[in-house]
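Undergrad: Pasting in a structure now, in structure tokens, and then I'll have a few things to ask.
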Amino acid sequence: MKNIKSDEDKENPSKVSRRTFLKITAGTSAGVTFGFPLTSCSSNGSNVTSKNHNEFTNAWIHIPEKGFLTFTCPRSEMGQGISTGLASLICEAMDYPLNLLEVINAPADKVYAHKAFKMQGTGASLSTSTEWEHMLKIGASIRATLIHAASKKLNIPESSLRTKDGFVLYKKQSISYQDLSKVAAKVEVKSATHKLDIKKSKYIGKNIKRVDNLKKVTGKEQYGIDGGIKNSLSAVIIPFPEFGSTPLSCNESELLKLEGVRHVLKIPIGFAIIADKYWQAIKAKESFKGKWKRPKTLFSTKEYEKECKALTKNFGGKELLNEGSGYKKLDHEVEAEYSVPYLAHATLEPQNATVWVKKDEAFVWLPTQSPGAVQPIVSEITGIPREKIKVESSSLGGGFGRRGELDALRSATEISHKIKKPVKLIYSREDDMKYGFYRPYVFSKIKASFNKDASDIYWKQSIATQSIAEELLPKMISSMTPSWMGSTLPKKLGEFALLFADSMSIKEGALAPYNLKGAQILWQKTNPPVTTQFWRSVGHSQNAFFVECFIDEIAHKVGIDPMKFRESRLKENPRQLNVLKKVKKMCGWEEKKGKSLGLATHFSFKSYAAAVVEVEYKGSLILKNVWIALDCGLALNPDGVHAQLMSSVIFGLTAALLGKIEVEKSTVVQSNFDHYPLLTMAQTPNIYTEVIKSIEKPTGAGEPGVPVIAPALCNAIFSATKKRIRHLPVSDHMNIA
Amino acid sequence: MKLTLNKREKVIDIPGETPSLWAIREELGDESLKFGCGKGICGACTILVNGEPTKSCVTRIEELKGTEVTTLSGLSENDQDLTNLQKNWMEENVAQCGYCQPGQILNAYALLKSNPSPTEQEIKEWMYNLCRCGTYPRIIKAIKKTSEENS
């Protein structure tokens, strides 16, 4: 079990780090450690080194003299199955049994930086597509190195050696990788590639078992709230009650008299109560009374919605897209307003962080999608150099974008910095939901003009919403830049980057793929005080809803079956047309003549998705069936992709049917699952998933199933009831069974 | 007060009103039960008390006096001796993030004890646990498979 051992009395840092930070203990190593001439395998500035010359170790694979090989997974496992996916690639190329590989989460280290993000992080459904070839190379290189080591050891030419399931074979002799560890640690590391042959592969393209199954069915998986730094004090926060309020004072002396309470602190986001045990801290929180400096103007989503509606009234805003020949008025014209609410990520594991700030070093245990941003943040708060901050990642009890944010880390660091003791901060569910970062509210007004059969369509749209990038980019750039730059320059760089990326999450997926004659999309930028963050599928989550519902409206207006309407307009897009035809067949669209069925298709994260939802309305809405098909190129583990599709359907339905975060008087109204419900097992319809067989390069799988669900659902509701739902969630308009 | 946790007798000396979730996690060192909502809604904290599924976040520790408590870490003796339910959970690749799974598995285990051959409808009526990753369909599969094997 992982436990960062603490030894408060002796203040002995080496003792603290030895077990869990095995991979990042200091020491030099000859040749072997970072021998790979591969990108992102360089040793520059990395903490990851080997100290034991008798064992083959590099940043990715550790081969002990005895026991299982260990793979350090560079991306965060939050349920999406990336640890299984990447481990299977390594095993495929290394020729080692997947069920004998131990997979651990990577600590924060430059060597694990994401190739696209330039920092260590997980998101945008990019882990497989950016890492798969790299993982094959690493596996192949290790295999080649082991063959090389065996050739030295046995004094036999490499060409007469081969490998099988973790052994190097020579005639009838076999020698295990572990037995070669010592020699491999001293030979030159070979560089090799692996040519993937799906027909012959052991794991790739096959349905495989998750590497974390055993831990997860026996309760051994460790999340941020588990393990961590032994003997940590427990902290709760009392975050600001309103966006924009700041803490003044509280009944500190009264709280300090309560059992177990050690400290009461004012921190940037509010107050913190620190007790010996968490149950004492939550008990003390019940007696908390605080004074706050309140914001001068109060914000409400009801008012904000009106403001957004007014902003788009005359189709104004900054031009985001202008495709084809702009907007022209033809014989027919339809116009509609759509909106999607703020949404919480509601990861089942509330936000938390465990931090120990000592005099000149710090330790962090954290469930995060952004390990690469941890050291810069802790360093900024404490002044401790980044390289003296050891960060270990726990498994994540859900991510969905929320764990790209490091708010709990900031507060835990502030606390530990003040009291110089290890602290585990766990948000209550209410803190998590009310002091959150949300998918933005987006209002959209669209009009389209078209001829009789809508063979020519012009599109004009004005979108009112805030920028996620504006909040995020300056923070991200600070994490990506070296510490000598300080914080001012990176912030300036962030502002500069914003010039290009500000509208990123607003326009992605906003353009209908149906051969429009012309399209103009404009943005009315708003500036509400509500904090935002990427939410599973980001801008696609609203844009697919706007596009696919409005296209459905046009199809109905001209009297063409919505399936046929899309099919005939996707002829130049064979992969998207293919998923559409697949889902058409799965749901029996023709036999049912589309009755009570709703359709949507959308391209996101370089993958093509199509879904059909079937509903029934009997005084309340009953979900019957959902069919979904995805083309994500080569599915490394089809079973894993099926799981992500199932997950996306339920995540998408939860949001479309039930999800809504409201703000009144600058305070988030919803606080727990009673008012921000998640779809239950009983409400979940039958879900049928298909993964298109493909040999194209692998693309996103964790997110692209989400965007199609809301529009397919609302199109189905229209088909069943003739009621067009344009403002989510559906529960605002009808009862749900 | 005394209670039996995973077949071992334990003595616990903290205020009786303490939620058993935290008492078991912090005082008895078993962290396999999870904190999700603190209000008895999500079921991540589910434990078995004398075999009955119980939401530990809204159950005072004093209510567990003299009872037999089972958490996921004690459902099987060791990794080589998993219950059929756990084996099928792995077979179906049910877990994603896995955070709700301790509660799901224990609740499903209790269901099969009280009703060895549940219909799909009965499974849906029994299983109150929320899953944010959306693993419900596979949970149903794993329960059904176990039920078929047991009969």
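The values are calculated or read from the model by the stated rules, or taken from the named source; none is laboratory data. Keep in mind it's a predicted model, so treat the numbers as computed, not measured. As a convention, Cβ positions derive from the backbone with ideal geometry for all residues, glycine included, and neighbour counts pool all protein chains shown.
So that you can scan it fast, the table gives a plain yes or no per residue for (1) hydroxyl-bearing (Ser, Thr, Tyr); (2) within 24 Å of A:Ser671 (Cα to Cα); (3) within 12 Å of chain A (Cβ to nearest Cβ):
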{"position": "B:Ser32", "(1), (2), (3)": "yes, no, yes"}
{"position": "B:Ala44", "(1), (2), (3)": "no, yes, yes"}
{"position": "B:Glu52", "(1), (2), (3)": "no, no, no"}
{"position": "B:Val69", "(1), (2), (3)": "no, no, no"}
{"position": "B:Leu75", "(1), (2), (3)": "no, no, yes"}
{"position": "B:Asn78", "(1), (2), (3)": "no, no, yes"}
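Undergrad: Right, here's the next one. Within the range B:82-117, which residues are surrounded by fewer than 18 Cβ atoms within 10 Å (Cβ to Cβ), within 11 Å of chain A (Cβ to nearest Cβ) and over 27 Å from B:Ile12 (Cβ atoms)?
TA: Once the filter is applied, which keeps residues that are surrounded by fewer than 18 Cβ atoms within 10 Å (Cβ to Cβ), within 11 Å of chain A (Cβ to nearest Cβ) and over 27 Å from B:Ile12 (Cβ atoms), the range B:82-117 yields B:Lys87, B:Glu91.
Undergrad: Identify all residues within the range B:51-91 that are more than 17 Å from B:Arg25 (Cβ to Cβ) and among the basic types (Lys, Arg); write none if there are none.
TA: B:Lys65, B:Lys87, listed by residue number.
Undergrad: Which condition number does A:Asn54 fail, the rest of (1) under 24 Å from the mean Cα position of the chain (by Cα); (2) modelled with pLDDT under 90; (3) over 23 Å from A:Pro376 (Cα atoms) being met?
TA: Evaluating A:Asn54 over (1) under 24 Å from the mean Cα position of the chain (by Cα); (2) modelled with pLDDT under 90; (3) over 23 Å from A:Pro376 (Cα atoms) leaves (1) as the failure.
Undergrad: Taking the range A:61-102 as the region of interest, how many residues are over 13 Å from A:Thr128 (Cβ atoms), within 14 Å of another protein chain (Cβ to nearest Cβ) and β-branched (Val, Ile, Thr)?
TA: Looking only at that region, the number is 0.
Undergrad: Also: Identify the single condition in (1) buried (at least 24 other Cβ atoms within 10 Å of the Cβ); (2) touching a residue at least 60 places away in the same chain (Cβ under 8 Å) that A:Ser127 does not satisfy, given that it satisfies every other one.
TA: Tallying (1) buried (at least 24 other Cβ atoms within 10 Å of the Cβ); (2) touching a residue at least 60 places away in the same chain (Cβ under 8 Å), A:Ser127 fails exactly one: (2).
Undergrad: Which one is farthest from A:Gln542 (Cα to Cα) among residues in the range A:485-528 that are aliphatic (A, V, I, L, M) and outside any helix (DSSP H, G or I)? Give the derivation first.
TA: Our first condition is that a residue be aliphatic (A, V, I, L, M); within the range A:485-528, this holds for A:485, A:489, A:493, A:497-499, A:501, A:504, A:506, A:510-512, A:516, A:519, A:521-522.
Okay, now just the ones that are also outside any helix (DSSP H, G or I), so A:510-512, A:516, A:519, A:521-522.
Working: A:Ala510: 9, A:Leu511: 12, A:Ala512: 13, A:Leu516: 20, A:Ala519: 18, A:Ile521: 14, A:Leu522: 15 Å.
Out of the qualifying residues, it is A:Leu516.
Undergrad: Kindly list the number of the only condition in (1) crowded, with 21+ Cβ neighbours inside 10 Å; (2) more than 10 Å from the chain's Cα centre (by Cα) that fails for B:Leu72.
TA: Every condition holds for B:Leu72 apart from (2).
Undergrad: In addition: Read through the list (1) farther than 20 Å from A:Ser541 by Cβ; (2) touching a helix residue (DSSP H, G or I) at 6+ places or on another chain (Cβ under 9 Å); (3) more than 11 Å from every other protein chain (Cβ to nearest Cβ), then give the number of the only condition that A:Ala629 fails.
TA: (1)
Undergrad: Can you tell me how many residues within the range A:632-660 are among the small types (Gly, Ala, Ser), within 11 Å of chain B (Cβ to nearest Cβ) and more than 21 Å from A:Tyr203 (Cβ to Cβ)? Can you show your working first?
TA: If we filter the range A:632-660 for residues that are among the small types (Gly, Ala, Ser), which is where we start, we get A:633, A:635, A:640, A:643, A:647-648, A:652, A:655-656, A:659.
So of that shortlist, the ones also within 11 Å of chain B (Cβ to nearest Cβ) come out as A:640, A:643, A:647-648, A:652.
Checking the rest, the ones that are also more than 21 Å from A:Tyr203 (Cβ to Cβ) come to A:647-648, A:652.
Final tally of qualifying residues: 3.
Undergrad: Could I ask something else about it? Select from the range A:635-669 the residues that are surrounded by fewer than 24 Cβ atoms within 10 Å (Cβ to Cβ) and out of contact with any helix residue (DSSP H, G or I) (no Cβ under 6 Å at 6 or more places or on another chain) and list them in ascending order.
TA: Those that are surrounded by fewer than 24 Cβ atoms within 10 Å (Cβ to Cβ) and out of contact with any helix residue (DSSP H, G or I) (no Cβ under 6 Å at 6 or more places or on another chain): A:Pro638, A:Asp639, A:His642, A:Lys660, A:Ile661, A:Glu664, A:Lys665, A:Ser666, A:Thr667, A:Val669.
Matching residues to (1) of a type outside the set (A, V, I, L, M, F, W, C); (2) farther than 24 Å from A:Tyr435 by Cβ; (3) surrounded by 14 or more Cβ atoms within 10 Å (Cβ to Cβ); (4) modelled with pLDDT under 95:
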| residue | (1), (2), (3), (4) |
| --- | --- |
| A:Ile274 | no, no, yes, no |
| A:Phe288 | no, no, yes, no |
| A:Tyr304 | yes, no, yes, no |
| A:Ala310 | no, yes, no, no |
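Undergrad: If you scan the range B:54-67, which residues turn out to be surrounded by fewer than 18 Cβ atoms within 10 Å (Cβ to Cβ) and either closer than 19 Å to A:Trp279 by Cα or within 13 Å of another protein chain (Cβ to nearest Cβ) (or both)?
TA: The answer is B:Val58, B:Arg60, B:Glu62, B:Glu63, B:Lys65.
Undergrad: Going by the conditions given, is A:Val168 surrounded by 22 or more Cβ atoms within 10 Å (Cβ to Cβ) and part of a strand (DSSP E or B)? It would help to see each step written out before you state the result.
TA: Working: surrounded by 22 or more Cβ atoms within 10 Å (Cβ to Cβ): yes; part of a strand (DSSP E or B): yes.
Against the criterion (surrounded by 22 or more Cβ atoms within 10 Å (Cβ to Cβ) and part of a strand (DSSP E or B)), A:Val168 qualifies.
Undergrad: So, in the range B:7-48, how many residues would count as being of a type outside the set (D, E, K, R), surrounded by 18 or more Cβ atoms within 10 Å (Cβ to Cβ) and farther than 17 Å from A:Ser428 by Cα?
TA: Of the residues in the range B:7-48, 8 are of a type outside the set (D, E, K, R), surrounded by 18 or more Cβ atoms within 10 Å (Cβ to Cβ) and farther than 17 Å from A:Ser428 by Cα.
Undergrad: Moving on to the next point. Does A:Ala656 satisfy the criteria of being among the aliphatic types (A, V, I, L, M) and under 24 Å from A:Lys693 (Cβ atoms)?
TA: Values: among the aliphatic types (A, V, I, L, M): yes; under 24 Å from A:Lys693 (Cβ atoms): no.
Spelling it out, it is not the case that A:Ala656 is among the aliphatic types (A, V, I, L, M) and under 24 Å from A:Lys693 (Cβ atoms).
Undergrad: Just a yes or no: is a residue in the range A:610-622 within 13 Å of chain B (Cβ to nearest Cβ), on the phi < 0 side of the Ramachandran plot, in contact with a Ser or Thr (Cβ under 6 Å, 6 or more places away or on another chain) and touching a residue at least 12 places away in the same chain (Cβ under 8 Å)?
TA: No.
Undergrad: Taking interchain pairs and intrachain pairs at least six residues apart, which have beta carbon atoms under 7 angstrom, with the first residue in the range A:418-444 and in a strand (DSSP E or B) and the second buried (at least 24 other Cβ atoms within 10 Å of the Cβ) and of a type in the set (D, E, K, R)?
TA: Once the first residue is in a strand (DSSP E or B) and sits in the range A:418-444, no partner that is buried (at least 24 other Cβ atoms within 10 Å of the Cβ) and of a type in the set (D, E, K, R) comes close enough.
Undergrad: Between A:Ile506, A:Ile521, which is touching a Ser or Thr at 6+ places or on another chain (Cβ under 7 Å) and buried (at least 17 other Cβ atoms within 10 Å of the Cβ)? First the steps, then the outcome.
TA: Working: A:Ile521 fails: touching a Ser or Thr at 6+ places or on another chain (Cβ under 7 Å).
Selected residue: A:Ile506, the only one of A:Ile506, A:Ile521 that is touching a Ser or Thr at 6+ places or on another chain (Cβ under 7 Å) and buried (at least 17 other Cβ atoms within 10 Å of the Cβ).
Undergrad: Taking A:Lys152 as meeting all but one of (1) in contact (Cβ under 8 Å) with a residue 12 or more places away in the chain; (2) of a type outside the set (A, V, I, L, M); (3) within 17 Å of A:Leu69 (Cα to Cα), write down the number of the exception.
TA: Every condition holds for A:Lys152 apart from (3).
Undergrad: Another question, then. Consider the range B:1-24. How many of its residues are more than 28 Å from A:Val236 (Cα to Cα), out of contact with any helix residue (DSSP H, G or I) (no Cβ under 7 Å at 6 or more places or on another chain) and not basic (Lys, Arg)?
TA: Of the residues in the range B:1-24, 2 are more than 28 Å from A:Val236 (Cα to Cα), out of contact with any helix residue (DSSP H, G or I) (no Cβ under 7 Å at 6 or more places or on another chain) and not basic (Lys, Arg).
Undergrad: Moving to a separate point now. Inspect all residues belonging to the range A:707-721 and state whether any of them is surrounded by fewer than 22 Cβ atoms within 10 Å (Cβ to Cβ), in contact with a His (Cβ under 8 Å, 6 or more places away or on another chain) and either hydrophobic (A, V, I, L, M, F, W, C) or at pLDDT below 95 (or both).
TA: yes
Undergrad: Is at least one residue of the range A:234-249 of a type outside the set (S, T, N, Q), within 19 Å of A:Trp365 (Cα to Cα) and within 14 Å of chain B (Cβ to nearest Cβ)? Explain how you work it out, then say what you get.
TA: Quick first cut of the range A:234-249, residues of a type outside the set (S, T, N, Q) only: A:235-244, A:247-248.
Cutting the leftovers down to within 19 Å of A:Trp365 (Cα to Cα) gives us A:235-237.
From what's left, within 14 Å of chain B (Cβ to nearest Cβ): A:235-236.
Yes: one or more hits.
Undergrad: Here is a further query. Of the conditions (1) among the basic types (Lys, Arg); (2) within 27 Å of B:Gln101 (Cβ to Cβ); (3) at pLDDT below 95; (4) crowded, with 16+ Cβ neighbours inside 10 Å, A:Lys190 fails just one. Which one is it?
TA: Every listed condition holds for A:Lys190 apart from (2).
Undergrad: Can you go through A:Ile426, A:Ile415, A:Ile389, A:Ile468 and tell me which one is crowded, with 22+ Cβ neighbours inside 10 Å, aliphatic (A, V, I, L, M) and within 14 Å of chain B (Cβ to nearest Cβ)? I'd like the intermediate steps shown before the answer.
TA: On the way: A:Ile415 fails: within 14 Å of chain B (Cβ to nearest Cβ); A:Ile389 fails: within 14 Å of chain B (Cβ to nearest Cβ); A:Ile468 fails: within 14 Å of chain B (Cβ to nearest Cβ).
It is A:Ile426.
Undergrad: Might you let me know whether the range A:529-540 holds any residue that is in a helix (DSSP H, G or I) and among the basic types (Lys, Arg)? Explain how you work it out, then say what you get.
TA: Restricting attention to the range A:529-540, the residues satisfying the condition of being in a helix (DSSP H, G or I) are A:540.
Filter once more, so that each one left must be among the basic types (Lys, Arg): none.
Looking through the range A:529-540, none of the residues is in a helix (DSSP H, G or I) and among the basic types (Lys, Arg).
Undergrad: Please work out which residue is nearest to the other protein chains (Cβ to nearest Cβ), limiting yourself to the range A:668-721 and to residues that are hydroxyl-bearing (Ser, Thr, Tyr) and in a loop (DSSP other than H, G, I, E, B). Write out each step before concluding.
TA: Going residue by residue through the range A:668-721, those that are hydroxyl-bearing (Ser, Thr, Tyr) are A:671, A:676, A:680, A:684, A:688-689, A:694, A:699, A:719, A:721.
Going one step further and asking which of them are in a loop (DSSP other than H, G, I, E, B), we end up with A:671, A:676, A:680, A:684, A:694, A:699.
Values: A:Ser671: 10, A:Tyr676: 10, A:Thr680: 7, A:Thr684: 5, A:Ser694: 21, A:Thr699: 20 Å.
Residue satisfying both the conditions and the ranking: A:Thr684.
Undergrad: Can you report the number of residues in the range A:86-105 which are part of a helix (DSSP H, G or I) and β-branched (Val, Ile, Thr)? Break it down into steps so the answer makes sense when it comes.
TA: As a first pass, look at the range A:86-105 and keep what is part of a helix (DSSP H, G or I): A:86-94, A:98-100.
Now drop any that are not β-branched (Val, Ile, Thr), which leaves A:90.
Adding up the residues that qualify gives 1.
Undergrad: Counting only residues that are modelled with pLDDT under 95, give me the strands (runs of 3 or more DSSP E) lying completely in the range A:209-267 with at least 3 of them. Step through it out loud before you land on a result.
TA: On the way: elements: A:233-239, A:246-250, A:261-267.
Filter on the range A:209-267 gives an empty set.
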